[in-house]
Amino acid sequence: MSAFVLSVDSCQLLLVCIGNVPTDKFLLPTKEFKEFDDTKAGVKGLVDAGIVSIPKMFIRPAEEFVEELNSSQTNTEVLIIDLSNIQDSSQRKQIVDEVRFASEEWGFFQVINHGIPLTVLDDMIDGVRMFNEQDLELKKEWYSRDVTEKVRFNSNFDLYASQTADWRDTLTFSFVDSDPDPNEMPAACRKSTLEYVKYLRKLGETLFELLSEALGLQADHLGSMGCAKGFSIVCHYYPACPQPELTLGARRHTDAGILTLLLQNEISGLQVLHEGQWFDVPPSRGALVVNIGDLLQLISNDKFNSVEHRLLANHTGPRSNVSGHLPRGPWLRLAHTLAKTRQPPVLALQQQLDLHSHHARTFNRPKEDLVSVKPTQNQFVVPVIDFGNIENRSDEVILGVKKMAGKVGFFQVVNHGVPQRVLDKMSVVARRFHELPSEVKKGY
């Protein structure tokens with residue numbers, strides 16, 4: 001159950017949303033998950049060991065296979081937007097129109113002639129491959145689940161909060177508050193990453209100008225909000241899979257931030273959910289895939305669309321991609337933490353148990369309160385007021401609010417104009433924040 005108090009002056013409106021919390025978010029780590037994590041070798045370690053069948057921890061839930069029987073997959077070409085001649089006023093208007101259409105209808109588009117040389121893109125992909133294919137002992141030096149580390153390598157950031165694991169390993173660079181020290185970056189991909197980031201920053205600024213104009217705002221609007229400040233580079237490596245039909249490279253999800261820029265190698269696998277169908281997004285050499293994040297959907301008042309997407313596992317490999325998550329500015333730090341922070345639930349549970357044993361008496365009610373409480377089986381139903389068609393029913397609605405506010409002090413509202421998906425996301429965000437490690441929450 002999640003509760004939200006909306007306070008206006010001295011009046012309070014309490015909305016209580018009751019729902020089933022997915023139990024898979026509270027799973028204790030199994031022996032299989034822990035043993036896999038302790039190897040620090042990731043998915044590639046399994047492939048190097050010569051497995052012919054994937055471990056059970058990677059097999060998708062049965063209900064996902066049933067669901068896919070009722071959906072279809074279609075090969076299409078997500079809109080490709082040419083950014084050349086962007087400073088020409090007539091060309092720019094066409095580009096802005098294309099960005100608006102793609103952001104509203106698909107939540108995804110690709111950009112070409114974006115200013116990043118092919119050699120820089122190729123070197124970035126090669127750097128990811130070289131890091132993952134170097135000697136295991138060198139790679140282990142970067143293995144960590146500490147989200148405060150500016151550079152960290154692991155497999156499945158949410159390993160201990162998931163029913164199943166995805167078929168991938170990940171190297172993350174954080175450019176949130178400051179850039180990582182080049183001397184503290186892996187030698188295998190240090191130079192290529194720093195060069196790629198230099199160009200990515202400039203492209204990010206350009207895209208936020210176009211998105212601002214697509215919303216009918218001044219070109220610098222999103223930039224002035226801090227949307228071009230700070231980001232992270234997430235490098236995924238997907239080894240060839242012996243049973244790709246049983247697992248995924250990345251399960252279906254939306255991106256929590258503002259904007260994601262994706263660089264892919266030549267191996268396909270990305271799919272976007274559109275009108276109930278999964279559409280393939282095949283790689284296009286030199287192109288970058290851009291997708292709208294949850295926060296940009298909220299900022300745009302749902303004008304832009306953050307859509308679910310996933311990545312299929314593949315018999316061939318390795319597949320590599322590099323996600324630039326923009327932005328990671330100070331006011332979006334919380335969104336980054338909620339989306340990326342995970343801690344083995346057993347540790348979070350132990351923290352709460354320790355806290356409870358230390359402070360238990362603080363929360364004990366006074367004895368006189370307990371004596372005065374009389375058990376009852378009566379159930380009070382909070383009145384519901386329908387705000388639908390309020391323009392033509394204002395007198396009726398006002399009378400209902402007046403009556404309930406004076407007589408009961410509590411009421412619920414329906415047909416209030418807040419989309420269900422917004423309510424659901426707010427509930428999830430509230431729960432995720434309160435489930436964060438205590439040290440992370442202390443920062444707020």
Could you run the Karplus curve 6.51 cos²θ - 1.76 cosθ + 1.60 with θ = phi - 60° over the stretch 251-257 and give me ³J(HN,Hα) per residue in whole Hz, x for Gly and Pro? 5, 4, 6, 10, 8, 7, x
Under the Karplus relation with 6.51, -1.76 and 1.60 and θ = phi - 60°, whole-Hz ³J(HN,Hα) for the stretch 237-250, x at Gly and Pro, equal 10, 10, x, 4, 10, x, 9, x, 6, 9, 9, 9, x, 8
Given H placed on each backbone N at 1.01 Å, which residues far from residue 143 in sequence or on other chains put an amide H within less than 5 Å of it? 153
Of every hundred units of 1.4 Å-probe accessible area on the stretch 217-305, the number belonging to carbon and sulfur atoms, as a percent, is 49
Could you bin all the Cα-Cα distances of the stretch 30-185 into 5 Å bins starting at 0 and give me the percent of pairs in each, rounded to whole numbers? 1, 7, 11, 13, 13, 14, 14, 13, 8, 4, 2, 0, 0
Can you list the residues of the stretch 92-129 with backbone N under 18 Å from a point 7 Å past the Cα of residue 205, pointing along Cα to Cβ? 114-117
Reachable aspartates and glutamates from residue 402, criterion Cα separation under 16 angstrom, eight or more residues apart if same chain: 386
With no solvent and one point per C-alpha, what does the Debye sum give as log10 I(q)/I(0) for the stretch 88-162 at q = 0.19, 0.25 Å⁻¹? -0.93, -1.11
Within the stretch 132-260: Cβ-based charge dipole about Cα centre, in debye rounded to nearest 20 (Lys, Arg +1; Asp, Glu -1): 100
Of 53, 120, 42, farthest towards positive along the dipole that unit charges on Lys, Arg, Asp, Glu beta carbons give the stretch 42-151: 42
For the stretch 87-98, what does the Karplus curve 6.51 cos²θ - 1.76 cosθ + 1.60, with θ = phi - 60°, yield as ³J(HN,Hα) per residue in whole Hz, taken in order and with x for Gly and Pro? 7, 6, 4, 5, 5, 4, 4, 5, 4, 4, 4, 5
Across the stretch 193-253, what fraction of all alpha-carbon pairs, as a whole percent, falls in each successive 5 Å bin from zero upward? 4, 15, 17, 13, 11, 13, 11, 8, 6, 2, 0
Per residue, accessible area of the stretch 84-234 with a 1.4 Å probe, heavy atoms of protein chains only, in Å², comes to 45
Heavy-atom accessible area ranking, 1.4 Å probe, most first, across 403, 202, 44, 139: 202, 403, 44, 139
Which residue, chosen from 170, 131, 99, occupies the Cα position most advanced towards the positive end of the dipole of the stretch 58-193, where the dipole is computed from +1 (Lys, Arg) and -1 (Asp, Glu) charges on Cβ about the Cα centre? 131
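The values are calculated or read from the model by the stated rules, or taken from the named source; none is laboratory data. Remember, predicted model here, so these are calculated numbers, not experimental data. Neighbour counts run over all protein chains shown; Cβ positions are idealised from the backbone, glycine included. Accessible surface areas use protein heavy atoms only, side chains included; no ligands, DNA or RNA. Shrake-Rupley method; radii C 1.70, N 1.55, O 1.52, S 1.80 Å.
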